[in-house]
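Structure first, commentary second.
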4 protein chains.
Amino acid sequence: MSVKNGRQFLSIPGPTTVPDEVLAAMHRPAVDIRKGELVEVTARLKDGLRMISKSKGTPFIYIANGHGAWEAALSNVLCRNDKILVLESGSFAAGWGQAGGTIGLDVEVLPGSWRKAVDPAAVEERLKSDTSGDIKAVLIVQVDTASSVVNDIPAIRRAIDNAGHDALLMVDTIASLGTMDYRMDEWGVDVTVAACQKGLMMSPGVSFTIANERAMARHQKADLRTAYWDWTNRMGPEHYQNYAGTPPVHMLFGLQKAFELIREEGLDNIFTRHSLLAGATRAAVGKWAEDGEFAFNIIDPNERANSVTTVLVTNPQNLDAIHDYCIEKCGVVVGVGIAALSGKALRIAHMGHINAPMLLGTLGSIEMSLKAQNILHGASGVEAAINYLATNVPR
Amino acid sequence: MSVKNGRQFLSIPGPTTVPDEVLAAMHRPAVDIRKGELVEVTARLKDGLRMISKSKGTPFIYIANGHGAWEAALSNVLCRNDKILVLESGSFAAGWGQAGGTIGLDVEVLPGSWRKAVDPAAVEERLKSDTSGDIKAVLIVQVDTASSVVNDIPAIRRAIDNAGHDALLMVDTIASLGTMDYRMDEWGVDVTVAACQKGLMMSPGVSFTIANERAMARHQKADLRTAYWDWTNRMGPEHYQNYAGTPPVHMLFGLQKAFELIREEGLDNIFTRHSLLAGATRAAVGKWAEDGEFAFNIIDPNERANSVTTVLVTNPQNLDAIHDYCIEKCGVVVGVGIAALSGKALRIAHMGHINAPMLLGTLGSIEMSLKAQNILHGASGVEAAINYLATNVPR
Amino acid sequence: MSVKNGRQFLSIPGPTTVPDEVLAAMHRPAVDIRKGELVEVTARLKDGLRMISKSKGTPFIYIANGHGAWEAALSNVLCRNDKILVLESGSFAAGWGQAGGTIGLDVEVLPGSWRKAVDPAAVEERLKSDTSGDIKAVLIVQVDTASSVVNDIPAIRRAIDNAGHDALLMVDTIASLGTMDYRMDEWGVDVTVAACQKGLMMSPGVSFTIANERAMARHQKADLRTAYWDWTNRMGPEHYQNYAGTPPVHMLFGLQKAFELIREEGLDNIFTRHSLLAGATRAAVGKWAEDGEFAFNIIDPNERANSVTTVLVTNPQNLDAIHDYCIEKCGVVVGVGIAALSGKALRIAHMGHINAPMLLGTLGSIEMSLKAQNILHGASGVEAAINYLATNVPR
Amino acid sequence: MSVKNGRQFLSIPGPTTVPDEVLAAMHRPAVDIRKGELVEVTARLKDGLRMISKSKGTPFIYIANGHGAWEAALSNVLCRNDKILVLESGSFAAGWGQAGGTIGLDVEVLPGSWRKAVDPAAVEERLKSDTSGDIKAVLIVQVDTASSVVNDIPAIRRAIDNAGHDALLMVDTIASLGTMDYRMDEWGVDVTVAACQKGLMMSPGVSFTIANERAMARHQKADLRTAYWDWTNRMGPEHYQNYAGTPPVHMLFGLQKAFELIREEGLDNIFTRHSLLAGATRAAVGKWAEDGEFAFNIIDPNERANSVTTVLVTNPQNLDAIHDYCIEKCGVVVGVGIAALSGKALRIAHMGHINAPMLLGTLGSIEMSLKAQNILHGASGVEAAINYLATNVPR
């Protein structure tokens, strides 16, 4: 017996809820891939990527998940045995670096904390010490989906500039693009990596790289390029070359609709919405944390992401109790800790196609699970979330 | 600026949220209507209607909304100038009676209250006084969607029996079937009227009558039968006769899937789920009502429906304020009072394809609207709802 | 073993193939029915009906199939015991008349042939003899789906006028609207009946009546009006009154898309397309008929409809052989004779969402069935159809 | 003005028509990717791949098109500077070879003809001359989508064995799998490459490699493996590792449904259906070719593929005339020549979700275009196709 029959709530940090309009846009007959409508779709998607990343750079659309785009990004601008500096602040920059290792790069990790953002001063110091210029690229994530930290990309840019270093700045925005501000050109990012299944609200399977002129220049001499990932190949005159072969027809139609939804709402509104829902989540978690069973993984409130909140759980048994109750009794899939936080944390996603009632329904279900199972928590987190929203949503 | 972008929450008492699986079942090519798959669908739908209404009677499927089924039910068992006794407890029995007036029936309303269930004693008294047997049918709704009252159908049957009267008992279950127990045969109901768009979770456009043997006997001499509604015509050997013409192909496929979902969850679980979500709603409204701005329309807690809760609002201006805030800021469509309660009440639906997070999201959004606009309300209704569910959902 | 796996071809004269775009338009969440988007949809649908019927009259949208709209049309303009004159040219005018009989009308059938259009001279003669003006309405179909005849509506209007008779002219366009020209106002039609599932390309379940001013005047004194069908009730201020209750939400969204497709192609193009595909069908059937096994049901080529072609089959066994081969081997559902032509005819539909390859695929499959089973037929009908189209489709 | 409004016919050799059921299976909410339903889907897809390829090998599912799978296959079994022997018989083996060049392989093309299958004797001769065993792998396509040739894979295996060579046999089945017999294990194929968008009837975006034990052994020492493509990584314990990151949720649901359709029809029936439709196409083209304007690209009838037919056009102007007429007048997208045959050939696809009426509709539209534009062609190709099917489809 449960009260779960109704629409399942998917509150994991990716893939996120795909809007009905996006699913509907994928439900249509296949089309010609040489000319006609699909050629325009590709052009529109590239415009959309430039708009969302605030960049005049060159976008590339991959049939691949984010891990594929990682490989694409590195192989297009680097040479065998080049050193890359990976800035740790959770799980994903390290994963990106490891992928670099498999294609022949020399990977150095700048140690960081899973509970803090990357320290720009440490970056500056390390780069200053690289007097021989061995480091060819610096890799960072804007938001780490595992730790839920948000890094300060402009500060990293300044650190590189302060060090007078010419390493490329490569930023993984997979868990942030479309949820918070990102200004590729203004912030001096050389290569952006993104994927469609989080803030961009699309079913997973398409990812992106965007290159600025510096990156395109490095590309000319990069010797790790392969037919499938190669930017130059993808800039050829035939439409299929954009995809190094057959385009992912239905995925592209879906993505086009997702970008339309983003244009309709407007980036500023989207960022504010995410900020508000993140604030409400933190208000709720803050209450629950009053009794010691829970804690924010990210210590500094200013370093908490607007797309996902990682919550440490003192008693690991409670983790399964909460997760299972939510899914079995309420129909809510709550995210759990991964990698170093596996078995130690909940992750509450609040990104993409999500509104106040979806968030309150999720938080309410978690709170039900706490009360029903006598798991220690402070006052009502949901009431705090409601208060937060009622106070902060502009009239 | 809003926090509404995400899935819209439709919290009106019909049409209710259509499950994704049901919408998907409608998204398919048209088929032959003379033979093949569709013929089996019709048979399966009739089985489903018997299962849900707990009846061995004869079901009829109309392309029409509930108002059409009203006309169908009356015209198939009554004769011109027959008297019908309409038992008032809100808006809809009266509406049914008025429809009867337009087809030539003599309509008598047994006055009742919009805030109370029909009084069986009053029914018994009136029928006892009908010594000439003028009254041919008694009309009642199980749940009135406007007032949110639930009537006690077995008690009405006893009242008729106590009066020794042979009027048909005709019950409108449009707002109750699939949300609470209904036992057509055991309770001695002669004609059941139902529709697909509330507890049955289907897009509106199909409605039903179910007749027991007594009703079929009356049907033989009824002189108000017309080609479109006529039961006899619809019992003919050709498949199209079930629909008095072309069947509503895609609607039937959708309805078939909705019935499958009902079978999967099981009626008992469905009724318990509705009872729990209704209880949670009443827990929330009870809190909000502590400060006097709000009140339950139905006075006696035992007469409150499990499918919808009508909440009286003291200050009519607050009604629009709440409704508009919910839709514009949160993406939640809250029902409003209709007919005699127009401008005076909110209606919170909790029927059909709805689970704990959907309800908590709706209640949370309403509470946001109260707080944001300084509308008087007691303690947190949402917290009360969460407490209610955490305590009452079986482990 | 078959060569049928692929998209099934539905070549029956209704319901016809629903365009993918229309099905997609129905696949979306339910919405509020009191205000918002759906209110505009209703208005747009009424505009569309006026556009397609070339009328400034008042349209009404029924949740019902065509048989329901028949009852709606008659009950809104006539009184008990009024005489109606039904003009026979197949099955459907007679069916409409019979429905009139069940609601209390006095039905007179002007006998005609199933193989010919209605003779206007016979109509004029009969009306001239009705010196007492007993006949209150004349009922005719523009196309009879069973016989595949097309009637000359302007000629019927002239016959009525020549007789100086004031009977209403009521036209059933269910099998013609959206496939051939229809000019309600110019042709002096008083009441039009239509349905969505043939030329209008929508899934069945919605039908229409359109009334001109003369009809609205008669409506004022009609005494057969009932709550569900009543025009006056449906002209009330509340949106739901358009549907005498809950609107058929998803059906309306589908219909809106179908009307958009009609606007995009344009009525003139649609009519030419139907004319060309009908011509190709007749070219094919003409060839097959050279060997005597087949014959056109409608004798006069000028009286053959552009929406469906009824083909008489000499040997009834061949009928099942063709029908079953087409469905089992090829995945093509060919229509069969109904009513008086049951067991005696094939019906090849060429209306609605159909293009050259769909028609040629259907005709090709029928021809396969003839060859494979040694059923006598002349030269290649498909080649003749191709020749016809190649010659007649404008460059 | 056209007769194209209806369902568009997509007659290009990939992506092919996606069945409505497959599109519908993709139209559903996203799900958890760590556990639950999706984990079972992955297992079922692997079973399906083994069933369709007749192999007990290890399948890998890539988010990528076929070009991605090419890279995956090569990088998992080869080392830098390994020599691969590419067997030319059209465009695609060469393309695969070129991709190998970009990842560091030494590519040798065994020259062949675009109008003939690979000659096994030439393969044997070349391998015999490789006394030092430099050649590590032999690459061939089963069907070349550009030339429409079908190669004899068992004969190639025998050639390798006759030469006593231990090169891996790597076969690209992208344009053949699911359209004709393929027996990976029995035929001694070491690595199979496939993709979803042709015979497998799925929207493009997923591709496959299947490895036998010999290939897995080579994999252990391959030094071209990268994180995204690496088989070992994809065999890890976590579900996401199957996809080296986020799985393509909706694509997997679609693919699962496509595999269900394949199981339902049965491989043998599918192969016979393709054989029959290919035979009908060749019957039609044979007629058209009688007048010299057209010719089969593949000279030997035994070497013509069952999935696509490439037709040489003498006068290049006719190519556009046919293509444009078909799409603009009839709504049929006919394939055109690519690579060396660009501007010189038509390609008529007859693979995947296609039945007799779809093929006859396509051929009929092409024939319309010939007649309408006075392009020389022999007798009616469509009539010949109908005759062929009527004669050869088993009763």
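The values are calculated or read from the model by the stated rules, or taken from the named source; none is laboratory data. Quick caveat: nothing in here was measured; it's all calculated off a predicted structure. Methodologically, a virtual Cβ is constructed for each residue, glycine included, from the backbone with ideal geometry; neighbour enumeration extends over all protein chains shown. These accessible areas exclude ligands, DNA and RNA; they are computed on the full protein's heavy atoms, side chains included. Shrake-Rupley method; radii C 1.70, N 1.55, O 1.52, S 1.80 Å.
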(message) Using amide H atoms built in the peptide plane, which far-off residues or other-chain residues are under 5 Å from C:L168 H to H?
(response) C:A137, C:V138
(request) Give the ranking of B:K257, A:K116 by solvent-accessible surface, highest area first, calculated with a 1.4 Å probe. (result) A:K116, B:K257
(request) Have a look at C:D134, C:D32, C:D47 and tell me which one the Gaussian network model of chain C (Cα, springs below 10 Å) gives the largest fluctuation. (result) C:D32
(message) Run the reach check for D:K198 against aspartates and glutamates, Cα to Cα strictly under 14 Å, same-chain hits fewer than 8 apart removed. What comes back?
(response) A:D32, D:D144, D:D172
(request) With 10 Å bins from zero, work out the P(r) of chain D over every alpha carbon pair and list the percent per bin. (result) 5, 23, 31, 24, 13, 3, 0
(request) Find the eigenvalues of the gyration tensor of the Cα atoms of the stretch C:171-216, then list the square roots of 5 times those eigenvalues as equivalent ellipsoid semi-axes, largest first, in whole angstrom. (result) 20, 12, 6
(request) Pop out the ³J(HN,Hα) list for the stretch B:259-269 in order, Karplus 6.51 cos²θ - 1.76 cosθ + 1.60 with θ = phi - 60°, rounded to Hz; leave Gly and Pro as x. (result) 5, 4, 4, 5, 4, 4, 6, x, 4, 4, 4
(message) Can you give me the solvent accessible area of C:I354 with a 1.4 Å probe, rounded to the nearest 10 Å²?
(response) 20
(request) Mind jotting down the three principal axis lengths of the stretch B:162-246 based on Cα atoms? Whole angstrom, largest first. (result) 43, 35, 19
(message) Using only the alpha-carbon atoms, how far is helix B:316-325 inclined from the longest principal axis of chain B? Give it as 0 to 90 degrees, nearest 10.
(response) 80
(message) Please compute, for peptide D:14-27, the average count of beta-carbon atoms on other protein chains lying within 10 Å of each residue's beta-carbon.
(response) 5
(message) Using +1 at the C-beta of Lys and Arg and -1 at the C-beta of Asp and Glu, which of C:Y325, C:G100, C:V285 has the Cα lying farthest in the positive direction of the dipole of chain C?
(response) C:Y325
(request) Distance check, please: which entries in C:K56/C:K83; A:K257/B:K4; C:K287/C:K329; A:K4/A:K257 exceed 21 angstrom between their Cα atoms? (result) C:K56/C:K83; C:K287/C:K329; A:K4/A:K257
(message) At 222 nm, what value in deg cm²/dmol follows for the protein assembly as shown if DSSP H runs of at least 4 each add -39500 (n - 2.57) and the sum is divided by all its residues, to the nearest 500?
(response) -12500 deg cm²/dmol
(message) If I take every Cα pair under 8 Å that is 6 or more residues apart in the stretch D:77-175, average their sequence separation and divide by the length, what percent do I get for the relative contact order?
(response) 32
(message) Can you compute 3J(HN,Hα) from phi for each residue in the stretch A:220-234, using the Karplus curve 6.51 cos²θ - 1.76 cosθ + 1.60 with θ = phi - 60°, rounded to whole Hz and x for Gly and Pro?
(response) 4, 10, 5, 10, 9, 5, 10, 3, 6, 8, 4, 4, 4, 4, 6
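How high is the relative contact order of the stretch A:264-395, in percent, counting Cα pairs under 8 Å that sit 6 or more residues apart?
The normalised contact order for the stretch A:264-395 reaches 34 percent.
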(request) Can you tell me the dipole magnitude for the protein assembly as shown around its Cα centre, using point charges on the Cβ only (Lys, Arg +1; Asp, Glu -1), in Debye to the nearest 20? (result) 0
(message) Of C:C196, C:A73, C:Q220, which is farthest towards the positive pole of the stretch C:31-263's charge dipole, taken about the Cα centre with +1 and -1 on the beta-carbons of Lys, Arg and Asp, Glu respectively?
(response) C:C196
(request) Determine the relative contact order of the stretch A:31-263: mean sequence separation of Cα pairs under 8 Å and six or more apart, normalised by residue count, in whole percent. (result) 28
(request) Report the closest approach of any chain D C-beta to the axis of the D-to-B rotation: residue and distance, in whole angstrom. (result) D:A24, 3
(request) Taking chain D as the reference, fit the longest principal axis to its C-alpha atoms, fit the long axis of helix D:120-129 to the helix C-alpha atoms, and give the angle between the two in degrees, 0 to 90, nearest 10. (result) 30
(request) Give the long-range amide H neighbours of D:T246: residues separated by 5 or more places, or on another chain, with amide H under 5 Å away, using H modelled in the peptide plane at 1.01 Å from N. (result) A:G66, A:H67
(message) Suppose we keep just the alpha-carbon trace of the stretch D:327-393; what are its Rg and Dmax in angstrom?
(response) 13.0, 36
(message) Give the average, rounded to an integer, of partner chain Cβ atoms located within 10 angstrom of each Cβ in A:29-40.
(response) 5
(request) Among A:E290, A:E265, A:E71, determine the one that fluctuates most according to a GNM of chain A built with springs between C-alpha atoms less than 10 Å apart. (result) A:E265
(message) Is there a quick way to get the dipole size of the stretch A:1-152? I mean about its Cα centre, with the Cβ of Lys and Arg at +1 and of Asp and Glu at -1; what is the value in debye to the nearest 20?
(response) 460
(request) List the distances, in nm and shortest first, from the label point of C:N315 to the matching label points in every other copy, placing each point 7 Å from Cα along the Cα-to-Cβ direction. (result) 4.5, 8.4, 8.7
(message) Counting C-alpha atoms alone, how compact is the stretch A:31-263: give Rg to one decimal and Dmax as a whole number, in angstrom.
(response) 16.9, 55
(message) Using a 1.4 Å probe on the protein heavy atoms only, what accessible surface does C:D223 show? Give it in Å² to the nearest 10.
(response) 90
(request) Would you kindly work out, in nm and rounded to one decimal, the distances from the label point of A:P301 to those of the same position in each other copy, ordered shortest first, with label points 7 Å along Cα-to-Cβ? (result) 4.0, 8.3, 8.7
(message) Straight-line reach only, C-alpha to C-alpha below 14 angstrom: list the aspartates and glutamates that A:K221 could link to, leaving out same-chain residues fewer than 8 apart.
(response) A:D82, A:E213, A:D230
(request) Note the per residue figure in Å³ for the convex hull of the C-alpha positions in the protein assembly as shown. (result) 165
(request) Work out the length of the dipole vector of the stretch A:31-263 about its Cα centre, built from +1 on the beta-carbon of each Lys and Arg and -1 on the beta-carbon of each Asp and Glu, and round it to the nearest 20 debye. (result) 420
(request) Taking amide H positions as placed in the peptide plane 1.01 Å from N, state which residues far from A:S91 in sequence (5 or more) or on other chains have amide H under 5 Å from it. (result) A:A146, A:S147
(message) I'd like to know which of A:S113, A:A64, A:S148 lies farthest towards the positive end of the charge dipole of the stretch A:31-263, counting +1 on Cβ of Lys and Arg and -1 on Cβ of Asp and Glu.
(response) A:A64
(request) Calculate the mean, over all residues of peptide B:246-257, of how many other protein chain Cβ atoms lie within 10 angstrom of the residue's Cβ. (result) 5
